[in-house]
Amino acid sequence: MSTATERRIGVFVCHCGGNISDYVEVKRVVDVCKEEPGVVVARTHMFTCSDAAQQEMIAEIQEQELDGLVIASCSPKLHMFTFRGMAERGGINAYQYIHVNLREQCSWAHRGETVEATNKGIELVRAGIAKCRLMEALSPIRIETKPHALVIGAGIAGLRAALALSDLGLGVFLIEKAKRVGGWAGQWKSLFPNNSNGITLVDTLLDKVATRENITLFTNAELLEKSGTVGNFDVRFRVDDGSSVAANVGAIVVATGFDTYVPEAGEFGYGLDGVMTLPEFKKAMDANDGALVRNGKPVNAVAYIYCVGSRQKKSDSCTEPNNYCSRYCCSATVHTASVAQKAMPDIHQFHLYRDMRTYGKDELLFEKARANGSVFIRYNPESAPVVEQTGDGLLVRVNDELTGGEELEIPVDLVVLVTGMVPRENTNLIDILKLPLSQDGFFNELHLKLRPVETVVDGVFIGGACQSPKVMAESVAASLAAVSKAGALLL
C-alpha cells in the first residue's frame, strides 16, 4: 500500500447545470484543491453523471494511473452507485472513490452567499481528499439471504406482488390488517377505465393466491416486530386469533394502500341529507345496479364537486391542508358519471371542477361524459360552491368561470363530493420499520427517479398508493418494481 503522500488522486467538481456553479465558484474550488497532497488532476464537468463525463474520467484514471477518486456533485443518494461503477470500469477499487455533496450541503444551503459557499465548498472537497488519502481498498462480501419475503397489505398491489414473488420461486408471507383482502378495489364493481369489476378482479387474484403453496395469507394481521438486516429479517406479526407468528424473511414489500379524505361536517354541505362522498356514491350505485332512488323518487340530478380535501390552502379551518393532487379523482368521477348515465338515461349531471386532470387515455372518459350530456362548470377556489338544503332538496350555488363568473343556482337530488387520497394511518408500522414519510405523509422513496421503490432501510421496499396517489395500473407497476428489486436481492 502506498503512503498518503504517494497517492494519485483525481478530483472532479460538477457544475450540476448551474445548481452548484450558480452559487459556488467551482473553478476556484478546483484551483485550490489541486494543490492538496496526492492530487494529480483536478477538473470540472458540467454534468459528472453524464456518459461523456464518465468516459473522460475513466480516461483520466487510466492515463494518470489514479488510485483514488473524489467527485464533488449532488447527493450520494443519487449517484453513489453510478460513480462506484464508473470507478471500477476505470480500474479503481469502488471504495477508493469519495463522494462530496456539494449541492444539498453547500450550494443549495447558501444561495446568495457565493463567497461563503465557495469557501465551504473548498473545505468540503479538501476533507474528501484527506479521507481519500487514507482509504484502503475494500472487497464486497456476499451474505446468505433467506428465500422468503413479507408483503404487508393485500390490496391489488399487495396481491400482485405476492403472486409475482411466488412466480420467482420465493416463499411469501402476505398479511392484511383488515378481515377481507382487496382494499378499495375489492369494494366496487365498475372501475375505470375499462369497466372491470373490482370485486371479481380481487376474487380472481385471491383464487390464484390460494393455489400457491409458497404463499401464506393472514388476514386481520398486523406486524409487531422486525429485527435483523437486509437479507435476514426476523419478523413477528399478530394473526386473527390473537396469537403471533414468527418468520424469517429476506425482504419486505410494503403495500398498505391509502385512505380517502373525509370532509369536515358542513364542508360543501357534508352532513346534509343527500350529500355524500364519491366512494359512498359508488357503493350506493353498485348496491342498486346504478339506478338510484331518493325519498321514493328516482334521482334526476346530481352535482359533483371536485377537489374536496385536495389542493387546499392553509386556514383557521384547515390547519393541515392536503396540497397535492390525487390524480385519480377526475377520471374516477367522469367514469362514474358515464355509468350513471347508462343506468339512468334521463339523469342530469353537473361537474363543478377547478381543473380537469383526466390525463393520458382517460381523456376519452372525459369526452364520453360530455358527449353523454354531463355539464362541466369551472369554479374559482376563492369563491367555492355553496350547498344549501331547501324544501325541495339541495341547491348548489356556483360562479361559472367559463361564462365570466355568472352565478348559477342548480337544484339537485344528490351532491357528490369528489374526495382524494390521504395517507393511511400506519403509526405502529412506521415505528417498527423506521421508514421516513414525505411532506404529504406518504412513505418516502429513496429517490423519485433513480430508486423509486427503495427506502432508506435496505431490503424494505414500497409499492402502490402507500407511496403517493396512484391509479390502479400505476400501483401494480410500482409493486412489481418492488418485486424485481426484492427478487434481485434474494435470488
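The values are calculated or read from the model by the stated rules, or taken from the named source; none is laboratory data. All of these numbers come straight from a predicted model, not from anything done at the bench. Using ideal geometry, Cβ is built from the backbone for each residue, glycine included, and neighbour counts are taken over all protein chains shown. Please note that ligands, DNA and RNA were not included when accessible areas were found on the heavy atoms of the full protein model with its side chains. Shrake-Rupley method; radii C 1.70, N 1.55, O 1.52, S 1.80 Å.
Points to keep in mind about this one:
- Every residue from region 42-57 that is of a type in the set (A, V, I, L, M), surrounded by fewer than 18 Cβ atoms within 10 Å (Cβ to Cβ) and outside any loop (DSSP other than H, G, I, E, B): 52
- Given (1) in contact (Cβ under 8 Å) with a residue 40 or more places away in the chain; (2) out of contact with any Lys or Arg (no Cβ under 9 Å at 6 or more places or on another chain), number of the condition residue 59 does not satisfy: (1)
- Screening the candidates 111, 89 for the property of being among the charged types (D, E, K, R), open to solvent by 20 Å² or more (accessible area, probe 1.4 Å) and closer than 20 Å to residue 24 by Cβ yields one hit, 111.
- Screening the candidates 365, 352, 408 for the property of being farther than 19 Å from residue 277 by Cα, of a type in the set (A, V, I, L, M) and assigned to a strand (DSSP E or B) yields one hit, 408.
- Extreme residue, modelled with the lowest pLDDT, among residues of region 268-291 that are more than 14 Å from residue 308 (Cα to Cα) and among the hydrophobic types (A, V, I, L, M, F, W, C): 291
- Unique residue being over 27 Å from residue 222 (Cβ atoms) and open to solvent by 10 Å² or more (accessible area, probe 1.4 Å) when the list is 450, 429, 394: 450
- Output for region 271-316, where each listed residue is in contact with a helix residue (DSSP H, G or I) (Cβ under 9 Å, 6 or more places away or on another chain), within 21 Å of residue 342 (Cα to Cα), in contact (Cβ under 8 Å) with a residue 12 or more places away in the chain and in a loop (DSSP other than H, G, I, E, B): 289, 290, 291, 292, 299
- Enumeration of residues in region 386-405 that are closer than 23 Å to residue 273 by Cβ and outside any strand (DSSP E or B): 391, 392
- Among residues of region 464-489, those that are in contact (Cβ under 8 Å) with a residue 12 or more places away in the chain and out of contact with any strand residue (DSSP E or B) (no Cβ under 6 Å at 6 or more places or on another chain), counted: 13
- The one condition from (1) at pLDDT below 95; (2) under 28 Å from the mean Cα position of the chain (by Cα) that residue 107 does not meet is (1).
- Condition check for residue 437: in contact (Cβ under 8 Å) with a residue 60 or more places away in the chain and either open to solvent by 40 Å² or more (accessible area, probe 1.4 Å) or on the phi < 0 side of the Ramachandran plot (or both): no
- Among the residues of region 463-491, those identified as closer than 20 Å to residue 258 by Cβ and touching a Ser or Thr at 6+ places or on another chain (Cβ under 6 Å) are 463, 464, 465, 466, 469.
- So residue 84, is it touching a strand residue (DSSP E or B) at 6+ places or on another chain (Cβ under 9 Å), surrounded by fewer than 20 Cβ atoms within 10 Å (Cβ to Cβ) and of a type in the set (Lys, Arg): yes
- All positions within region 1-41 that are of a type in the set (Phe, Trp, Tyr) and either on the phi > 0 side of the Ramachandran plot or exposed (fewer than 15 other Cβ atoms within 10 Å of the Cβ) (or both): none
- Extreme residue, farthest from residue 490 (Cα to Cα), among residues of region 220-235 that are under 25 Å from the mean Cα position of the chain (by Cα) and not in a strand (DSSP E or B): 221
- Within region 117-160, the set of residues being under 28 Å from residue 227 (Cβ atoms), in contact with a Phe, Trp or Tyr (Cβ under 9 Å, 6 or more places away or on another chain) and not in a loop (DSSP other than H, G, I, E, B) comprises 148, 149, 150, 151, 152, 155.
- Restricting attention to region 120-154, the residues that are more than 16 Å from residue 15 (Cα to Cα) and open to solvent by 40 Å² or more (accessible area, probe 1.4 Å) total 19.
- Only residues that are over 30 Å from residue 281 (Cα atoms), under 25 Å from the mean Cα position of the chain (by Cα) and not in a loop (DSSP other than H, G, I, E, B) were counted across region 238-263, and they come to 4.
- Listed by first and then second residue, the pairs linking a residue in region 362-388 that is under 27 Å from residue 470 (Cβ atoms) to a residue that is of a type outside the set (A, V, I, L, M) and open to solvent by 60 Å² or more (accessible area, probe 1.4 Å), with Cβ atoms under 8 Å apart and 6 or more places separating them unless they lie on different chains, are 362/193; 364/193; 365/193; 376/370; 378/401; 379/401; 381/313.
- Screening 175, 143 for residues that are hydrophobic (A, V, I, L, M, F, W, C) and more than 25 Å from the chain's Cα centre (by Cα) leaves exactly one candidate, 143.
- Among the residues of region 368-385, the one identified as assigned to a strand (DSSP E or B) and open to solvent by 70 Å² or more (accessible area, probe 1.4 Å) is 378.
- Selection count, region 339-361, where residues are closer than 28 Å to residue 383 by Cα and of a type outside the set (A, V, I, L, M): 10
- Within region 296-316, if we keep just the residues that are at pLDDT 80 or above and open to solvent by 80 Å² or more (accessible area, probe 1.4 Å), the residue that is nearest to residue 353 (Cα to Cα) turns out to be 313.
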